[in-house]
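Below is one structure, written out as structure tokens; comments come after it.
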Amino acid sequence: MNKIFKLGRIIAISALCMVLLVGCGSSDKTTTAKISSKNANGEQNIELQMIHDGETVKKQKQNAVMKFASKEIYDAFLAQMKTSGYEAIAKEYKGIEYNLTSTDSTMTVEENIVLDFSKLPAEGYKKMTNGAVKVTDPYKIDLETTVKSLKSQGYTITEEK
């Protein structure tokens, strides 16, 4: 059971912290990263949309859907997510939207996070990644570095024209 918690947390946190400082530009595009995993405890699908100008990520939208193989694992994971503190962090800082939903009949948990880097201060970003990023204001999220990091973790990357 702890393995699915750790896997879910690692993937969600790593998806949020694949970033370094750099860059700027003008017209917005979207790059999407997807990853799926499945084991005896359940399955997980994560999609990240990075809205960017070609160099700098301006906004990141994350959708994670986790479906569990047993009610025990589902209940334990849901309880952990409800006490994660992300909802409180989202209320504390501008630039964060957070939503957690669950469906008992299908033992599914869905987490949606939107980070608007033009509004989100470094302190809020650090809290959302449990301190995994080392940024100070002002900061910028480098698209190329982020994409390379996501690819190295097994994400499939697609870019909209």
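General remarks:
- Virtual spin-label span in nm between residue 157 and residue 132, 7 Å along Cα→Cβ: 1.8
- Working from label points 7 Å from Cα in the Cα-to-Cβ sense, the residue 39 to residue 97 distance is 3.2 nm.
- Whole-Hz Karplus values for the stretch 101-113 come out as 10, 9, 10, 4, 5, 10, 6, 10, 10, 10, 10, 10, 10 Hz, taken residue by residue from phi with 6.51 cos²θ - 1.76 cosθ + 1.60 and θ = phi - 60°; glycine and proline positions read x.
- Spacing of the two label points (7 Å from each Cα toward its C-beta) at residue 71 and residue 105, in nm: 1.6
Every read-out reported here was derived from the displayed coordinates using simple, explicitly stated rules and does not represent laboratory data. Being a predicted model, the structure only gives us computed values, none of them experimental. Methodologically, a virtual Cβ is constructed for each residue, glycine included, from the backbone with ideal geometry; neighbour enumeration extends over all protein chains shown.
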